[in-house]
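Nothing in this text is a laboratory measurement; each read-out follows from the coordinates by a stated rule. It should be emphasised that the depicted structure is a prediction, and the values quoted were computed from it without experimental measurement. A quick note on method: Cβ atoms are made from the backbone with ideal geometry, for glycine too, and the neighbour counts reach across all protein chains shown.
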Amino acid sequence: MDTLTKQQRSRCMGRIKSKNTLPEVVVRKILTQLGIKYRLHVKKLPGTPDIVISRIKTIFFINGCFWHQHEGCKRQSIPKTNLNYWVPKLEKNISRQKESIETLEKAGWKVVIIWECEIKNYSIIYSKIRSLIL
């Protein structure tokens, strides 16, 4: 059972950002430290990737564990109320991103997915990005 009223829940959900999230800012900071130039939220590409590095044809999607249902992550849970809304919504997010990734890979882009929960350990994510880029 939800402990918040519908108005309170709506206000909370409405405040969730899709751009400039903490995980995205951390990845951008690492890329800047590595001297990599990038573009943000390129709408001309399928899925509007969070970060695009045109020089090496690499795209980053920084996924929220809840919104993209990261398997094995504790943040993956589906809300227990309003299942008729949440199940199709989350499944649609996943399928839409899979289609975007397939299209991008066919076009020759390298696609990197970074999960929200991976950002906790800065040194590991720094090493991962560095090995992918350099």
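How far apart, in nm, are two points set 7 Å out from the Cα along the Cα-to-Cβ line at residue 57 and at residue 18?
2.8 nm
Using θ = phi - 60° and the Karplus form 6.51 cos²θ - 1.76 cosθ + 1.60, what ³J(HN,Hα) does each residue of segment 87-103 get, whole Hz, x for Gly and Pro?
Here the 3J(HN,Hα) series is 4, x, 4, 5, 5, 5, 4, 5, 5, 5, 5, 4, 4, 4, 5, 4, 4 Hz.
Would you mind checking the pairs 74/128; 89/110; 44/128; 57/80; 43/89 and listing those with alpha carbons more than 31 angstrom apart?
57/80
Would you list 116, 71 from fewest to most Cβ contacts within 10 Å?
With the sparsest Cβ surroundings first, the list reads 71, 116.
Under the definition of Cα pairs under 8 Å and six or more residues apart, what whole-number percent is the relative contact order of the chain?
Across the chain, relative contact order equals 24 percent.
Can you tell me the order of 32-39, 59-66, 47-54 when each peptide is scored by its average per-residue count of other Cβ atoms within 10 angstrom, highest first?
Ranked by mean Cβ neighbours within 10 Å, highest first: 59-66, 47-54, 32-39.
Hey, what angle do you get for helix 122-133 against the long axis of the chain, alpha-carbon based, 0 to 90 degrees rounded to 10?
50 degrees
Select one label from [x] 16.6; [y] 16.3; [z] 15.1: the one whose number is Kirkwood radius over Cα pairs in Å as derived from the coordinates shown.
Recomputing Kirkwood radius over Cα pairs in Å here picks out [y].
So which cysteines in the chain don't have a second cysteine's C-beta under 4.7 Å from them?
Flagged as lacking a Cys partner: 12, 117.
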